[in-house]
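> Below you'll find the structure I mean.
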Amino acid sequence: MAEAKKKVHFIIERQDGPNSKPYTEEFEVDYRPALNVVASLMEIQKNPVTKDGKKTTAPVWECNCLEKVCGACMMVINGKAQQACAALIDHLEQPIRLAPARTFPVIRDLAIDRTVMFENLKRIQGWVKVDGSWEVHNDAPRQNPRTAATAYEISRCMTCGCCMEACPNVNSGSDFIGPAALGQTHLFNMHPIGEYFKEDRLNALMDKGGIASCGNSQNCVEACPKEIKLTTYIAKLNREVNKQALKNMFNK
Amino acid sequence: MKKKIIVVGGGLSGLMATLKICEAGGEVELFSYCPVKRSHSLCAQGGMNACMDTKGENDTVYEHFDDTVYGGDFLADQTAVQGMTDAAPKLIKMFDRMGVPFTRTAEGMLDLRNFGGQKNKRTLFSGSTTGQQLLYALDEQVRAWELKGAVKKYEFWEFIKIIKNKEGVCRGIVAQDMNAMEIRAFRADTVILATGGPGMVFGRCTASTICNGSAVSAVYQQGAYIGNPEFIQIHPTAIPGSDKNRLMSEACRGEGGRVWVYKDGKPWYFLEEMYPAYGNLVPRDVASRAIYDVCVNQKLGINGENRVYLDLSHIPAEYLERKLGGILEMYSEFVGDDPRKVPMQIYPSVHYSMGGIWVDIKHNTNIPGLMASGECDYQYHGANRLGANSLLSATYSGTVSGPEAMRWAKEGERGSELTDEDLKKAADACRAEYEAILKMDGPENAHQLHHELGDVMNKYVTIERVNKDLDYCFDEVKKILKRWDNIGLTDRSSWSNQEAMFTRQLRNMIIYALVVTKAARMRDESRGAHYKREFPTRDDERFMKTTIAEYDQATEEPKISYIDFDHSLVKPRARNYAVAKKE
Ligand SMILES: Cc1cc2nc3c(=O)[nH]c(=O)nc-3n(C[C@H](O)[C@H](O)[C@H](O)COP(=O)(O)OP(=O)(O)OC[C@H]3O[C@@H](n4cnc5c(N)ncnc54)[C@H](O)[C@@H]3O)c2cc1C
């Protein structure tokens, strides 16, 4: 007799819309080597039936690249915010529990609304101010390769929101800008041209919900799937903001 | 009044066009499936080509131009390629000013690496996430314009169709909010499609799940020509997977990676033996065919399976970390082995489409008022694209399409404005179509059907193409198109209904699959990525022409014809990577 196929057991937190009540549904997917959470959700799409054989709809979630660079498929898997595409079944304890990252408003099922993260990038002026995309007949400044390597590290932030979900100070009751945007502020302040508008960025972080709301819990650096040394950069930034605050006082 | 341009797609090409339009004083409405910062361009690992000549190799812009034309097996518009290769170093300087953290040499200059089909170091890179870094730079600049009010983003909106006025000029689009499911019509002075490649037509490929070619197929069904659709690039080195084939960048070979299998108990470095001049750095079509031959015909794949080794284990770990860190991390993460210690196992995968919407040198399609740029157009790469030339073509094409969209908005013969009635009619038609999808209740599942489409396309229309198999495949795809009518939706929700949208996309994908298959069937020669054993050589006499596919409403099949293109700069010569390229 053929051996019974190995199954993977999921308990998925579902929610039909932003204001609907959450509920759970259980699913089973055939096991295969190298299976990950996104691939499992794709299998459910092909036959959306619960573990008990009840017909249902396939859970809704967001994904694009499936290579852990786009940041779209972040969700809470067995209690930890992470990218679903890189969550290998072999590394997860079963039943595997999937839930939306509730730091953000839920759209439907596992899909969440991360608009706030993109808005934060406006607040910190997350760009290098160039005159235009045209030629200026002048090379950009050379950079110390070590500094450039640090910039590269921070620039890999994919706005996934793991750090926001992990941070105890980011929640619906607080206006804390959160770790991701702070890391980005440091990035643009490091750049030899970006640095020209460093003061504006630092000033933006003195307002309500700025860097002072960081409670130094250190969760973000643990949660970052790109291993960006967020706490190190936030500490540096904090010193800069304090210096700037003093400067502002004397210049009043 | 300010000119209003609709840009559909916020990958490198769409964002570059958007910037150019803003700088020229126009306003942009930018549509995308996802926040543009998550667009597929960020998957690019390896790099972007530009002649910087900073490695003492006397690299020239001409050499870049010639490598591109030669690599494309003389099917690319040469004047267009020249424009692109001339602009490349300037675009790199632009990205550098915008803060892209390019990998640098010890003296702080931009570093260069080798890539396939090129003898000189010409590929700029930012660690192992070059596309992500380039995309972010443009995303940031566009965000600054958004704050100034010049850009309005419609993220999580799906483009459905263009709207033409009674003169047949494109004057707007219909799109749908992917959460509220609201369908709305929009006016524009010019519309640019920058919707990327059609990888999902093949099911499993190296591209993102949103690279479905649905938008391209939609405008094709509205009369836009598709150019060279049969030229689909198969990347030689990917990790096969059930959800996706994950790319192992060509940079692995660029940094010294060797491809081999066991033969008579000993490692056989077959690329080095077959192509002594370029070795492991032959262009992609050549490498993919060799791997296919070794596995399928000679049955020498690892453990008899379709896999070969891609080996980096002879290279010092510190060097690998610096040059390829992220890529190797991905392999460890998704496969579980450490490529610094054991050779990786890879196999070719569908990767890129050289073909796409036909455009002129300014990126106008044959429908006035509709432009296309980026991977969704057919320009620059001919029959095969060189690695690291696509981040370049995506960016460069945006610098052409953006300003041209503004010129058209000011001077073009645009005919009559769309009336409110026109807008309503267009939106209503899409609404009716959508409502009908919501009601579908047959036995077929859309995702399952998509899987089957991917299977036939992968089997018959990739590395080696056989006429009788292509005929069979075409019939199979037509059957799938029929079966589409029997789909049953499991989800009838009016909020964030992914299944309904996917079902609409799937129909477009099937129609596009017919285009690729038919064009492949008709081209009886071998050129670049298109290879037929029955016709093993290039036939310039008959086929040094651009394929044009035109939609036939009655049969839903493409009509194929051939047109001349500009090859006025270099004469065609045989493409042979066993020996050094001669000029
Ligand atoms: C894994 C991988 C690695 C690669 N590495 C390299 C490399 O190293 N070097 C190189 O030169 N090239 C590389 N390429 C190729 C290159 O990345 C792409 O060709 C290029 O980025 C395409 O850019 P684009 O702007 O045309 O489209 P994309 O970046 O694909 O953007 C398409 C946009 O269109 C939107 N869109 C699509 N359809 C719709 C619709 N119907 N409605 C609304 N929005 C829509 C999407 O949301 C997205 O914003 C790689 C490709 C892959 C798959």
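Where a number appears in this text, it was derived from the coordinates with a stated rule and is not lab data. Given the structure is predicted, the values throughout are model-derived calculations rather than measurements. Note that we place each Cβ from the backbone using ideal geometry, even for glycine, and neighbour counts take in every protein chain shown.
> Return the only residue of A:A86, A:A34 being in contact with a Gly (Cβ under 7 Å, 6 or more places away or on another chain), within 10 Å of chain B (Cβ to nearest Cβ) and either surrounded by fewer than 21 Cβ atoms within 10 Å (Cβ to Cβ) or not hydrophobic (A, V, I, L, M, F, W, C) (or both).
Only one candidate qualifies: A:A34.
> Next question. I'm told A:N169 meets every condition in (1) closer than 27 Å to A:L246 by Cβ; (2) within 13 Å of chain B (Cβ to nearest Cβ) except one. Can you identify the failing condition by its number?
(2)
> Here's another thing I want to ask about it. Take the conditions at the interface with another protein chain (Cβ under 7 Å from one of its Cβ atoms) and either more than 22 Å from B:K20 (Cα to Cα) or under 24 Å from the mean Cα position of the chain (by Cα) (or both) and apply them to B:A137. Does it pass?
no
> Cβ-Cβ distance below 9 Å, separation of 6 or more or different chains: which pairs start in the stretch B:410-423 with a residue that is basic (K, R) and end on one that is in a loop (DSSP other than H, G, I, E, B)?
Qualifying pairs under 9 Å: B:K410/B:K3; B:K410/B:D189; B:R414/B:N165; B:R414/B:E167; B:R414/B:V169; B:R414/B:D189; B:R414/B:P368; B:R414/B:G369.
> Return a yes/no flag: does the stretch B:48-69 have any residue that is of a type in the set (A, V, I, L, M, F, W, C), more than 16 Å from the ligand (Cβ to nearest atom) and in contact with a Phe, Trp or Tyr (Cβ under 9 Å, 6 or more places away or on another chain).
Within the stretch B:48-69, none of the residues are of a type in the set (A, V, I, L, M, F, W, C), more than 16 Å from the ligand (Cβ to nearest atom) and in contact with a Phe, Trp or Tyr (Cβ under 9 Å, 6 or more places away or on another chain).
> In the stretch A:37-67, which residues are under 30 Å from B:G127 (Cα atoms), at the interface with another protein chain (Cβ under 7 Å from one of its Cβ atoms) and in a loop (DSSP other than H, G, I, E, B)?
Of everything in the stretch A:37-67, those that are under 30 Å from B:G127 (Cα atoms), at the interface with another protein chain (Cβ under 7 Å from one of its Cβ atoms) and in a loop (DSSP other than H, G, I, E, B) turn out to be A:C63, A:N64, A:C65, A:L66, A:E67.
> Sticking with this structure for a sec: Anything in the stretch A:118-133 that is facing chain B (nearest Cβ under 9 Å) and in contact (Cβ under 8 Å) with a residue 12 or more places away in the chain? List them, or say none.
A:F118, A:L121, A:Q125, A:G126, A:W127, A:V128, A:K129, A:V130
Conditions tested, residue by residue: (1) away from the ligand (no atom under 13 Å from the Cβ); (2) more than 14 Å from chain A (Cβ to nearest Cβ); (3) closer than 23 Å to B:Y551 by Cβ.
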residue: B:S353; (1), (2), (3): no, yes, yes
residue: B:I357; (1), (2), (3): no, yes, yes
residue: B:K362; (1), (2), (3): yes, yes, no
residue: B:T365; (1), (2), (3): yes, yes, yes
residue: B:A372; (1), (2), (3): no, yes, yes
residue: B:Y378; (1), (2), (3): no, yes, yes
residue: B:N384; (1), (2), (3): yes, yes, no
residue: B:G387; (1), (2), (3): no, yes, no
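> If you don't mind, there's one more thing I want to ask. Given B:P283, B:P229, B:P240, B:P236, which one is within 14 Å of chain A (Cβ to nearest Cβ) and not aromatic (F, W, Y)?
After ruling out the rest, the residue left standing is B:P240.
> Among the candidates B:R483, B:R521, B:R504, B:R492, single out the residue that is more than 14 Å from chain A (Cβ to nearest Cβ) and closer than 23 Å to A:W61 by Cβ.
B:R504 is the lone residue from the list that is more than 14 Å from chain A (Cβ to nearest Cβ) and closer than 23 Å to A:W61 by Cβ.
> For the condition within 30 Å of B:F186 (Cα to Cα), buried (at least 24 other Cβ atoms within 10 Å of the Cβ) and in contact with a helix residue (DSSP H, G or I) (Cβ under 6 Å, 6 or more places away or on another chain), what is the one hit in B:L138, B:L124?
Answer to the selection: B:L138.
> From B:R542, B:R492, grab the single residue that is under 30 Å from B:E433 (Cα atoms) and surrounded by fewer than 22 Cβ atoms within 10 Å (Cβ to Cβ).
B:R492
> Tell me, which strands (runs of 3 or more DSSP E) lie completely within the stretch B:85-203 with 1 or more residues that are within 15 Å of the ligand (Cβ to nearest atom) and under 30 Å from A:Q143 (Cβ atoms)?
Counting at least 1 such residues, we get B:151-155.
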